[in-house]
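K.L.:
Below you'll find the structure I mean.
Nothing in this text is a laboratory measurement; each read-out follows from the coordinates by a stated rule. These numbers were taken from a predicted model, which means no experiment stands behind them. Positions of Cβ are generated from backbone atoms using ideal geometry, with glycine treated the same way; all protein chains shown enter the neighbour counts.
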Amino acid sequence: MLPRTQGVKMSNFNFLVCSFIFLQMWSFLLVAAEDDSSSEVKIEVMFKPMECSKKSKRGDLMNVHYDGYLAKDGTQFYCSRSDKAGHPQWFVLGVGQVIKGLDQGMNDMCPGEKRKITVPPSLGFGKEGKDPVVPPNATLVFEVELYSVSKGPRNMEAFREIDLDQDKSLTKEEVKRYLKLDYERSGTPKDDAFYDKIMEDIFKKNDLDVNGLITSKEYNVYQHDEL
Ligand SMILES: *[C@@H]1O[C@H](CO)[C@@H](O)[C@H](O)[C@H]1NC(C)=O
């Protein structure tokens, strides 16, 4: 592949070299065009709820089920319903907690919405793949269902709301209480075990020094769009 700038610099050379370069540039452009068509996520909305309480954006806390397939032959390589005891996965959107293709493909999505997202290798696991489940250069297809979007988990307003005793750190009880509140507010209350599981997951990902508390510093690691 020949970068364009190099072609321009080389244009002072004799005709033969130039025409060679020109051909090279053509093939580069062709490759680029090919790359272009496959370097973006393709989003198909399979189901959209009538009402959309909130649309997902960067920095939101997402709760989703997703199944992953290889586009090539439909082999399933990931299923969040059977992995990790089948509870929906939590992640913060747009900050690299999931592959780029999902960060992009799950933007602007309503709770309850289902999408089929086709991810080119460049936005997935690239030319290395992910041993042993995803081969090199694999295009991936995800079927995702968004359960809930929590608003601005990384802004300090939300932090203060979770931090009931206002001591600038979140205990497991505070996080669990907030989760419960959040689910009840969205009209889908769950049982205690469900909240426990999610809360443990949140602490595993965020309580970096494993002292049982999420400090404001541990919490506020992602820049939120609104800040
Ligand atoms: C993956 O793609 C890259 C460039 O697109 C290529 O160089 C490499 O050989 C491919 N790997 C496999 C295993 O096909």
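K.L.:
Please give me the summed charge of the neighbours of P135: other residues whose Cβ is under 12 Å from its Cβ, Lys and Arg +1, Asp and Glu -1.
P.N.:
0
K.L.:
Using the Kirkwood formula on the Cα atoms of the stretch 156-219, what hydrodynamic radius do you get, in angstrom to one decimal?
P.N.:
On the way: mean 1/r = 0.0838 Å⁻¹.
The answer is 11.9 Å.
K.L.:
Tabulate in residue order the Karplus-calculated ³J(HN,Hα) for the stretch 90-96, using 6.51 cos²θ - 1.76 cosθ + 1.60 with θ = phi - 60°, rounded to whole Hz; enter x for Gly and Pro.
P.N.:
10, 7, 8, 6, x, 10, x
K.L.:
Starting from the amide H of M109, placed 1.01 Å from N in the peptide plane, find each other amide H under 5 Å away whose residue is 5 or more places distant or on another chain.
P.N.:
S56
K.L.:
In sequence order, what are the phi-derived ³J(HN,Hα) couplings for the stretch 195-208 according to the Karplus relation 6.51 cos²θ - 1.76 cosθ + 1.60 with θ = phi - 60°, rounded to whole Hz, with x for glycine and proline?
P.N.:
Here the 3J(HN,Hα) series is 5, 4, 4, 5, 4, 4, 4, 4, 5, 4, 7, 10, 7, 5 Hz.
K.L.:
Reachable lysines from K176, Cα under 20 Å, same-chain residues fewer than 8 places away excluded?
P.N.:
K84, K151, K168, K190, K197, K204, K205, K217
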